[in-house]
Amino acid sequence: MSTHLILLAAGEGSRMQSDLPKVLHEIAGAPLFAHALASAQALEPGKRIVVVGHGADAVIAAAQSLDEDIAFAHQTKQLGTGHAVVQAAPLLEGAGGDAMVLFGDTPFIKPETLTSMAEARASGADIVVLGFHATDPGRYGRLVTDGARLTKIVEWKDASEDECAITLCNSGVLMAATKTLMRLLTSVQPHNAAGEYYLTDVVELATAEGLTAKVVTCDEAETLGINTREDLAQAEAIFQDAARAEAIANGVTLQAPDTVIFAHDTAIGRDAIIEPNVVFANGVTVESGARIRAFSHLEGAHVGAGSVVGPYARLRPGTELSNDAKIGNFVETKNAVIGEGAKVNHLSYIGDATVGEGTKIGAGTITCNYDGVFKHHTEIGERVFIGSNTMLVAPVTIGDEAMTATGSIITKDVPEGDLGVSRARQENKPGFARKFFEKLRAAKAKG
Ligand code: UD1
Ligand code: MG
């Protein structure tokens, strides 16, 4: 039977000091809520429902760009986690199966942790709560247990002295049969003058009916919730440390691990070498044995096996390097397919272009892809030689084994095997330079 997800993301996040809704702040290039959703993919969820409130339009747009099938429930007033889950009830009418509640601001819960919760459900617990042993229980809800059974969850504000001393805390993640959860929630009463409904109350209501509740525990590090910019910075650091360690364990050489920044989806093959100060933005794959030299920035790029990038290179989205290609210093590529063994070694911009196998692009070459309104394509064949400082005014095609003369502005296609030259012919004026400087120096000597 399928498990439906209810991801709570309506909260204001006022402690972030930000105009952006809290769950849209990013760790490793992905919004907080996307990390939680990605972990939950392990459950092969049925419906995915995001409960939105603060900044709803922006959260909806971001979630839809990740997954078109996400459904949204609106919580116009933030009356607590219980109230938030109730907003998803109409979308789950007649859905059956299980429901798992996750928080959009808790990005590090591991897929295997959610899987062990599903196993605990399958082995008979009516409600499964994810708990952890807190080094400082602070403001977390406390899990009150009786042997292996969870009897209730007490919020820190309402806890007795004995309950406050409990260090087994509530992460917020909870799983139950959809119907049971929604039915129990209809009996939850508001706790305070603010009319706050606690999701956590379902545990005591369930045990009073003779249902069973169980705790599955995870490492405290997984339950880190983001409430402030400090939390966000700490979470980013935790993510980066883990990503570096994973890359190293997978056989990647990081010459200065602390200076390499990964995105949530960076994939690097075995025996790749990453030099210091390299930034991987979203969507980068680096194949085996490639080398990324120092101070390079890559985004939306695929680097083929044995290729060398940088130092100081910028690969922008749509860059596809075949095997053994070379992109050198101060080169920018965008939406560019670079053929096997092709070289763009110095100071060039290659955008909206295809560069064939074995082609060499001279220093300072620019594909002039933009006319101010439209972008145009440049097609460069195989084993072509583009002379230094060529301006390729797109749309333009350079045939296989053709060449362009240094300093040319190429506005017309160059057929296969031909030379395209477009520059003024050189004229030498005998003795001119010497006479010219003599004149100037004489003028200077006079004062
Ligand atoms: C909650 C738990 C607490 C647990 C802690 C873990 C309850 C009553 N308490 O407390 O036991 O130890 O998380 O971090 O569940 N949200 C909404 N709408 C609302 C209120 C909250 O969508 O009306 C969302 C928030 O955006 C957030 C999540 O629910 O993602 C948790 O809300 P928060 O106010 O942080 O709950 P805590 O007080 O931390
Ligand atoms: Mg919280």
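What to note about this one:
- Local electrostatic count, Pro276, Cβ distance below 14 Å [Lys/Arg +1, Asp/Glu -1]: +1
- Ordered from highest to lowest accessible area with the whole protein assembly present and a 1.4 Å probe, Lys157, Lys326, Lys334 read as Lys157, Lys326, Lys334.
- Normalised contact order of region 10-143, rounded percent, pairs of Cα under 8 Å and 6 or more residues apart: 28 percent
- Radius of gyration and Dmax over the Cα atoms of the chain, both given in Å: 30.3, 110
- Largest to smallest principal axis extent of the C-alpha atoms in region 295-349, angstrom: 21, 19, 17
- Taking all protein chains together and a 1.4 Å probe, the residues Phe330, Phe262 rank Phe330, Phe262 from largest to smallest accessible area.
- Hits among lysines - C-alpha to C-alpha of Lys446 under 23 Å, sequence gap 8 or more where chains match: Lys435
- Ellipsoid semi-axes in whole angstrom, largest first, where each is sqrt(5λ) of the Cα gyration tensor of region 246-300: 14, 13, 10
- Sparse-neighbourhood loop sites, trypsin sites (Lys or Arg not before Pro) in region 41-96 - DSSP loop, at most 10 other Cβ within 10 angstrom: Lys77
- Per residue accessible area in Å² of region 229-420, where ligands, DNA and RNA are left out and the probe is 1.4 Å: 44 Å²
- Under-5 Å amide H pairs with Lys375, H placed in peptide plane, nonlocal only: none
- For region 3-223, the per residue solvent-accessible surface stands at 44 Å², with DNA, RNA and ligands left out and a 1.4 Å probe.
- For Lys110, a cut-off of 13 angstrom between C-alpha atoms picks up these aspartates and glutamates, skipping any fewer than 8 places away in its own chain: Asp219, Glu220, Glu222.
- The Cα-based radius of gyration and maximum Cα-Cα distance (Dmax) for region 340-447 are 19.1, 62 Å.
- Residues in region 197-205 carry Karplus couplings, in order, of 9, 8, 4, 4, 5, 4, 5, 5, 4 Hz; the curve used is 6.51 cos²θ - 1.76 cosθ + 1.60 with θ = phi - 60°, and Gly or Pro positions show x.
- Normalised Debye scattering of region 229-420 at q = 0.09, 0.11 Å⁻¹ gives log10 I(q)/I(0) of -0.35, -0.49, counting only Cα atoms as equal scatterers and leaving out solvent.
- Percent accessible area from carbon and sulfur atoms, the chain, protein chains only, probe 1.4 Å: 51 percent
- Range of Cα positions in region 139-272 per principal axis (Å), largest first: 58, 29, 27
- Cross-link pairs exceeding 19 Å in C-alpha to C-alpha distance, out of Lys47/Lys214; Lys47/Lys179; Lys152/Lys214; Lys22/Lys179; Lys375/Lys412, comprise Lys47/Lys214; Lys22/Lys179.
- Heavy-atom accessible area ranking, 1.4 Å probe, most first, across Arg293, Arg425, Arg183, Arg434: Arg425, Arg434, Arg183, Arg293
- Antiparallel bridges, percent of DSSP beta bridges restricted to region 3-223 (to nearest 5): 50 percent
- Charge sum, other residues only, whose C-beta stays under 14 Å from Leu298's C-beta, Lys/Arg counted +1 and Asp/Glu -1: -1
- This model, with +1 at the C-beta of Lys and Arg and -1 at the C-beta of Asp and Glu, gives region 229-420 a dipole about its Cα centre of some 420 debye.
- For region 3-223, the Kirkwood estimate of hydrodynamic radius, built from reciprocal distances between every pair of different alpha carbons, is 17.4 Å.
- Each stretch of four or more DSSP H residues adds -39500 (n - 2.57); spread over every residue of the chain, this sum gives -6500 deg cm²/dmol at 222 nm.
The values are calculated or read from the model by the stated rules, or taken from the named source; none is laboratory data. These numbers were taken from a predicted model, which means no experiment stands behind them. Note: ideal-geometry Cβ built from the backbone for every residue, glycine included; neighbour counts use all protein chains shown. Ligands, DNA and RNA are stripped out before the accessible areas are found, and what is left, the full protein with its side chains, is counted by its heavy atoms. Shrake-Rupley method; radii C 1.70, N 1.55, O 1.52, S 1.80 Å.
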